[in-house]
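All remarks here apply to the structure that follows.
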Amino acid sequence: MTGIDRKERLGAAIRMHREEQGLSQRKLALMVGSNQTHIWQIETGKVSVGIELLCRIADSLGVKVKDLIDF
């Protein structure tokens, strides 16, 4: 598995949890102190995510970091 595959899988997991909760990318971005474009880039696997932001995303979605990483 490549780094790109991992980023895409992480992004897909974030999107799934976000959509399950009825959150927009903009709302999640506000919750984690980011912006909608950055959340879109994460969800599409375009950028890497630092551990601090990943933890804030997990906390905002009410899940554990390990729930977002299935690889």
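The values are calculated or read from the model by the stated rules, or taken from the named source; none is laboratory data. This is a predicted model, so every value here is computed, not measured. Note that each Cβ is placed from the backbone with ideal geometry, even for glycine, and that neighbours are counted across all protein chains shown. Just the protein is used for accessible areas: all its heavy atoms, side chains included, with ligands, DNA and RNA removed. Shrake-Rupley method; radii C 1.70, N 1.55, O 1.52, S 1.80 Å.
With the condition kept exactly as written, say whether any residue in region 26-37 is farther than 16 Å from R6 by Cβ, open to solvent by 70 Å² or more (accessible area, probe 1.4 Å), outside any helix (DSSP H, G or I) and free of Cβ contacts under 8 Å to residues at least 60 places away in the same chain.
yes
For region 38-59, which positions are out of contact with any Lys or Arg (no Cβ under 9 Å at 6 or more places or on another chain) and surrounded by 13 or more Cβ atoms within 10 Å (Cβ to Cβ)?
If we filter region 38-59 for residues that are out of contact with any Lys or Arg (no Cβ under 9 Å at 6 or more places or on another chain), which is where we start, we get 38, 41, 50-56, 59.
Answer for region 38-59, where residues must be out of contact with any Lys or Arg (no Cβ under 9 Å at 6 or more places or on another chain) and surrounded by 13 or more Cβ atoms within 10 Å (Cβ to Cβ): H38, Q41, L53, L54, C55, R56, D59.
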